[in-house]
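The structure appears right after this line, and notes come after that.
The values are calculated or read from the model by the stated rules, or taken from the named source; none is laboratory data. In this text the structure is predicted, and so the values were computed from the model without any measurement. Here Cβ is always computed from backbone atoms with ideal geometry, including for glycine, and neighbour counts include all displayed protein chains. The accessibility values were calculated without ligands, DNA or RNA, using every heavy atom of the protein model including side chains. Shrake-Rupley method; radii C 1.70, N 1.55, O 1.52, S 1.80 Å.
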Amino acid sequence: MDDFTPEQVARGRALRRAQLPWALGGRIAGLLCTLALGLTPAGAGLVAAVGGLLGGSRTAQVLAGAAALLLIGRLLQLPFSAGVRVVRRRYGLVTQGWRGWAVDVLRGLALGLLIALPVVYGLYALTGRSPHGWWLPAAGFAALLTVALSFLHPLLIEPVFNRFAPLPAGELRTALLDLAQRDGIRVRDVLVADASRRTTALNAYVSGFGATRRIVAYDTLLSTAEPREVELVVAHELGHVKHRDVLTGTVLGAVGAAVAVCLLGLLAGRPVLLSAAGATDAADPRSLPLLAACAALIGAATGPLQCAVSRRIEVRADLHALELTSDPEQFIAMQRRLAVTNVSDVDPPRLLELLFATHPSATRRIAAARAWRPAAG
């Protein structure tokens, strides 16, 4: 850890220790609440009660129950999210006021309802037709939905939370477009996201497919980092495109969604679980909390595996950035700047890294850059 001063190392560790109880507590509380509603009659009673407020029909129970479960989950997370926010604000990482944060929370809730309600309605339309074989067509629809959301995310979801403007013509814009061209990647535009109204953290990414693909850089990155460091960040992101990580991730996500639905069908069809949840079968709207509980368990169990895959992908993107730029020194400088500005724990406990980290630690990335050698010829 000679690349960082003792003060920088201590600051990153202190932030991690301060926000971990809130972040981990939110995960645990959310999982326990979901299990309590899904594996006891409490969830069935909730669905029946809120459905009764809208007339008590099957459709009312499905839609009102889904909305209630989503709302309870979001409300439960609010104090934990606020706790993380207070900690990060203390370390200078949050610039947004509480009013702006509340607006973002409401936007996220509205977006969640907009996506979840039609999905749940369609799911129970399938269970109504086939209480025992619903999971097979539902698996196909889950895969299609995953693909659709991946394509629509940069066009419909990203603009909900950020404003984007073209990067003005100049040396940096030309350098980034030339970098993409040299990498054989077609990029439509270079955009600047107004991240500074929420955070001081630095980031950039490439989003979209084909004609919609664009490089997006946080305004915080452009105002803080050296131009060459910005190029290195973008080179890393181009690595994801070059290796088709987004497309591969979408395909794997679609397959994973289909498999998860099949597992849901297997679990939610077990009489012992249905009885514990106070539901008769999968077509019963009161089984909705049970499905949510099973989905939460599947997500928690597969989380570390998803993180491991993500870290391998990030290592490959780092290697691509080095090969594209042949500039390990600036890559190391970029990693230092990202770690210090984002107040990262540059060498976290290995167990935490294995369970929750989607990226390798800064010390591992810098060590890999130092060990890198240009390919012969």
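Using a probe of 1.4 angstrom and keeping all protein chains present, the accessible surface of region 116-223 works out to 52 square angstrom per residue.
If only the Cβ of Lys and Arg carry +1 and only the Cβ of Asp and Glu carry -1, the dipole of the chain around its Cα centre is close to 620 debye. Note on surface exposure: Leu152, Leu31, Leu266 rank Leu266, Leu152, Leu31 by accessible area, highest first, 1.4 Å probe. Ranked from largest to smallest solvent-accessible area, with a 1.4 Å probe on the protein heavy atoms, Thr95, Thr220 come out as Thr95, Thr220.
Here's the picture: charge each Lys and Arg Cβ at +1 and each Asp and Glu Cβ at -1 in the chain, and of Ser130, Gln96, Ser57 the one pushed furthest to the positive end of that dipole is Ser57. If a/c stays under 1.5 just call it rounded; otherwise compare a/b with b/c (prolate if a/b is bigger, oblate if not). Do that for region 281-377, with a ≥ b ≥ c from the square roots of the Cα gyration tensor eigenvalues. Because a/c hits 1.5 or more and a/b exceeds b/c, region 281-377 counts as prolate.
In the chain, the longest principal axis of the Cα atoms and the axis of helix 328-341 are about 50 degrees apart. Across region 235-241, coupling constants 3J(HN,Hα) worked out from phi with the 6.51/-1.76/1.60 Karplus curve, θ = phi - 60°, read 4, 4, 5, 5, x, 5, 6 Hz, and Gly and Pro carry x.
Solvent-accessible surface of region 228-377, taken per residue with a 1.4 Å probe and all protein chains present: 46 Å². Here the accessible area is traced with a 1.4 Å probe on the protein chains. For the chain, carbon and sulfur cover 65 percent of it. Here is how the number arises for the chain: DSSP H runs of 4 or more residues each give -39500 (n - 2.57), the sum is divided by the residue count, and the result at 222 nm is -24000 deg cm²/dmol.
Computed from Cα positions, the angle between helix 135-152 and the longest principal axis of the chain comes to roughly 30 degrees.
Decide, for the chain, between rounded, prolate and oblate: order the square roots of the alpha carbon gyration tensor eigenvalues as a ≥ b ≥ c, take rounded if a/c falls under 1.5, and otherwise choose prolate if a/b is larger than b/c, else oblate. Note, shape of the chain comes out prolate. Apply the a/c threshold of 1.5 to the C-alpha gyration tensor of region 39-188 and tell me whether it is rounded, prolate or oblate. In terms of gyration-tensor shape, oblate.
Amide H contacts under 5 Å for Asp194: Arg163, restricted to partners 5 or more places along the chain or on a different chain, H placed in the peptide plane at 1.01 Å from N. Ordered by 1.4 Å accessible area with all protein chains kept, Trp134, Trp101, Trp372, Trp22 run largest first as Trp22, Trp101, Trp372, Trp134. Amide H contacts for Thr200 (H built 1.01 Å from N in the peptide plane; partners 5 or more residues away or on another chain; cut-off under 5 Å): Val94, Thr95.
Phi-derived couplings, Karplus 6.51 cos²θ - 1.76 cosθ + 1.60 at θ = phi - 60°, listed residue by residue for region 218-223: 5, 5, 5, 5, 5, 8 Hz, with x used for Gly and Pro. By how many degrees, between 0 and 90 and to the nearest 10, does the Cα long axis of helix 6-38 differ from the longest principal axis of the chain? Long axis of 6-38 versus the principal axis of the chain: about 20 degrees.
Residues whose amide H lies under 5 Å from that of Phe4, counting only those 5 or more places away or on a different chain, are absent; hydrogens are built 1.01 Å from N in the peptide plane. Charge dipole of region 238-377 (Cα centre as origin; +1 on each Lys and Arg Cβ, -1 on each Asp and Glu Cβ, all else neutral): 240 debye, rounded to the nearest 20.
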